[in-house]
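Only one structure is covered here, and it is reproduced in the block below.
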Amino acid sequence: EVVEPLKKLTDAIHAEGAKASIQIGHCGNMTHRSTCGQMPVGASGGFNLYSPTFMRGLKIEEIDAFVDDFKRGAALVKEAGFDCVELHAGHGYLISQFLSPYTNHRKDAYGGSLENRMRFMERVVRAVKEELDGKLGLVVKVNMWDGFKGGMEETECLAVCKKLESLGVDALVL
């Protein structure tokens, strides 16, 4: 139901000679039960002081489903006539929750080393790029510092940026 109104918006933007971009992302544990109607999810379970709320960690099969959801989101963006999509991977949202050692305490293939913590982001970027098929630009918003002890520091953030560059994203929003 969102595609038709968004298509009207992109058509109006294009009629004025401009390009249209939209951001897609998932709040993960940065939402609250009262907003999403269930216990929020994140890279790991626990308590989020910023919401504040309890959250549970995603199961592997749920991670697979979320990758598919991002891909479907990109398909809707394309159908609605956008020229570019910004993938939100910063500010403590879901992709950022996987990247940060502060919020990611997983013991599986999605936790521990930075390479493992980047796995969800990499899968999402690959899925979105596949859906966009070179027809739309892909920009990724990332942190350069989490801003708290035990979070991502500049060195790891730069490694994330280099990984995104190697994945062929068109631009980064730092």
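Residues in region 41-58 that are outside any loop (DSSP other than H, G, I, E, B) and hydrophobic (A, V, I, L, M, F, W, C): 41, 47, 54, 55.
Of all the residues in region 8-36, those that are out of contact with any Leu (no Cβ under 8 Å at 6 or more places or on another chain), open to solvent by less than 60 Å² (accessible area, probe 1.4 Å), at pLDDT 95 or above and assigned to a loop (DSSP other than H, G, I, E, B) number 1. May I ask you to verify whether residue 160 is closer than 30 Å to residue 1 by Cα, modelled with pLDDT of 95 or more and of a type in the set (Val, Ile, Thr)? So residue 160 does not fit the description; no. Within region 131-146, being closer than 18 Å to residue 117 by Cα, assigned to a loop (DSSP other than H, G, I, E, B) and open to solvent by less than 40 Å² (accessible area, probe 1.4 Å) holds for 143, 146.
Return yes when residue 96 is in a loop (DSSP other than H, G, I, E, B), in contact with a strand residue (DSSP E or B) (Cβ under 8 Å, 6 or more places away or on another chain) and open to solvent by less than 30 Å² (accessible area, probe 1.4 Å) and no when it is not. In short, no.
The values are calculated or read from the model by the stated rules, or taken from the named source; none is laboratory data. None of these values were measured; they are calculated from a predicted model. Positions of Cβ are backbone-derived with ideal geometry, glycine not excepted, and every protein chain shown enters the neighbour counts. Accessible surface areas use protein heavy atoms only, side chains included; no ligands, DNA or RNA. Shrake-Rupley method; radii C 1.70, N 1.55, O 1.52, S 1.80 Å.
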